[in-house]
Amino acid sequence: MTVNAGRRAAPRRAVLAGAAGLLTAVLVVGLTTAAQAGTTLGASAAEKGRFFGTAVAASRLSDSAYTTILNREFNQVTPENEMKIDATEPNQNQFSYGNADRIVSHARSNGMQVRGHTLAWHSQQPGWMQNMSGSTLRNAMLNHVTQVATHFRGQVTWWDVVNEAFADGSGGGRRDSNLQRTGNDWIEAAFRAADAADPNAQLCYNDYNIDNWTDAKTQGVYRMVQDFTSRGVPIDCVGLQSHFTGGSNYPGNYRTTLSSFAALGVDVHITELDIRNAPVDAYRNVTNDCLAVARCKGITVWGIRDSDSWRSGESPLLFNGSGQKKSAYDAVLTALNNGTSQPTGTPTTPPPTTTPPPSGSCTASITPGTVWGDRYNTSVDVAGAGTWSVVVAITSPQKISSTWNGSPTWDSSGNRMTMRSNGSGNTFGFTTMTNGNSSARPQIVSCSAG
Ligand code: XIL
């Protein structure tokens, strides 16, 4: 609890992010007045406050056709294999960071943020770890998390702390693995170890087949994240790998999944996007869905050219083997340029069980009010329900100092207000103290009827 509240309030990252946000805002104004849309994925995403990244293989950094596209188009990088357990700790307690360091150094010297991938996973374990079990394995895993997160401290913005820990199929439970057999608390133990080693990194849970909101696996991960946030286990983000093949297609309720995770108070990222045959519509929909959810902070594709893909036979990426832009590239770029920079998303109220989401949602829209030197007013209009509860997120260090026409309750961080109707109509309002951050504005997280 304290740990989590501490992470959220972490002033250093918040201030840095705020400063970067201001710079971006100034840039956006400049570009907008010049009536120019971004011409690369990274620049267009940045204008919308997002990142657009790619998986990178160290072995390709010597290919100038590859690095030309990488440096031109992307502002975020995920090492494709170089930070996995077998790569970073090939022998127990002998750490090997050469290839990972090369990618990090290339990324940082070109202004790209790095996602670390991944500290704990049942797959791509070195032989010595595959043969371990019980407390020996638990301790070895925690030592690995601590050592690797410490090595990359200050260089990695996000960590996929745990990857793919849930089972496919109808149960919604954990995947069987040597790590799972060390005890159900292995995931939170890994998150706590990563938090201790790098308190400023944002810590993510990452998985595939958690794209369809009604899938049992999605619901299982949702309940784990809900449990973590309610108990103060340090988690900041959920990554949806989104490898879309013939067997697991882009689902029509993808936006509901993104906004439902976001409503738990975590960021969401699309972390390994590739789509069989790169259909224009699916790439456009994924991009629009992310832009529609304020806490969807960015998209990473799993490789640059089709020839770089782990599924190269399916041609699932945005550039062909010759490095030319495909139609899906144009669709993504256009969607990024058309997208809103102040998204409010489609609010949903996720259910606590595996049943599909309820229909009792409403919409809440923000109207900015009077602004003073140290504070400003906001009013919110609710439509679609007579009685409602609306969750509003505030950016620390801003704080709501007074409210009207509703009954507020607060979460433990003080950054999230749930406002319930109290018979005063369908418009409520509040005053926010800026506390030095005059750029952030409240976001609607969800609106539920009843
Ligand atoms: C894949 C890599 O792309 C391949 O090069 C490697 O052989 C296997 O792993 N989910 C993940 C990624 O989290 O790490 C996987 O990457 C793809 C599926």
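Figures for the structure shown
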item: Folded to 0 to 90 degrees: helix 64-73 orientation relative to the chain principal axis, Cα; result: 10 degrees
item: Mean accessible surface per residue for the stretch 400-450, computed with a 1.4 Å probe while every protein chain stays in place, in Å²; result: 43 Å²
item: Cα centre as origin, Lys/Arg/Asp/Glu Cβ charges: the chain dipole, Debye; result: 820 debye
item: Antiparallel DSSP beta bridges within the chain, percent to nearest 5; result: 50 percent
item: H106 accessible area, 1.4 Å probe, all protein chains in place, Å² to nearest 10; result: 40 Å²
item: Amide H partners (placed H, <5 Å) of S361, local residues excluded; result: A449
item: For the chain, built as a Gaussian network whose Cα springs stay under 10 Å, the top-fluctuating residue of W128, W302, W159; result: W128
item: Difference of contour (0.36 nm per residue) and Cα-Cα distance, W404 to I366; result: 12.2 nm
item: Length-normalised contact order for the chain - Cα pairs under 8 Å, 6+ apart - percent; result: 13 percent
item: Helix-only mean residue ellipticity at 222 nm for the chain, each DSSP H run of n ≥ 4 adding -39500 (n - 2.57), per residue, nearest 500; result: -10000 deg cm²/dmol
item: Above-threshold pairs, the threshold being 30 Å between Cα atoms, out of K217/K325; K48/K326; K84/K399; K217/K326; result: K217/K325; K84/K399; K217/K326
item: With DNA, RNA and ligands ignored, accessible area of Y66 (1.4 Å probe; Å², nearest 10); result: 0 Å²
item: GNM result for the chain, Cα springs below 10 Å: residue of I210, I275, I366 fluctuating most strongly; result: I366
item: Angle between the chain longest axis and helix 186-197 axis [Cα atoms, degrees, rounded to 10]; result: 90 degrees
item: Projected label distance in nm at R153 and S322, using a 7 Å step from Cα toward the beta-carbon; result: 5.0 nm
item: Solvent exposure ordering (accessible area, 1.4 Å, most first) of V445, V266; result: V445, V266
item: Tilt relative to the chain, helix 327-338 - C-alpha long axis, 0 to 90 degrees, to 10; result: 30 degrees
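The values are calculated or read from the model by the stated rules, or taken from the named source; none is laboratory data. Computed from a predicted structure; not experimentally measured. FYI the Cβ positions are ideal-geometry reconstructions off the backbone, even for glycines, and counts take in every protein chain you see. Areas reflect the complete protein model, heavy atoms only, side chains present, ligands, DNA and RNA absent. Shrake-Rupley method; radii C 1.70, N 1.55, O 1.52, S 1.80 Å.
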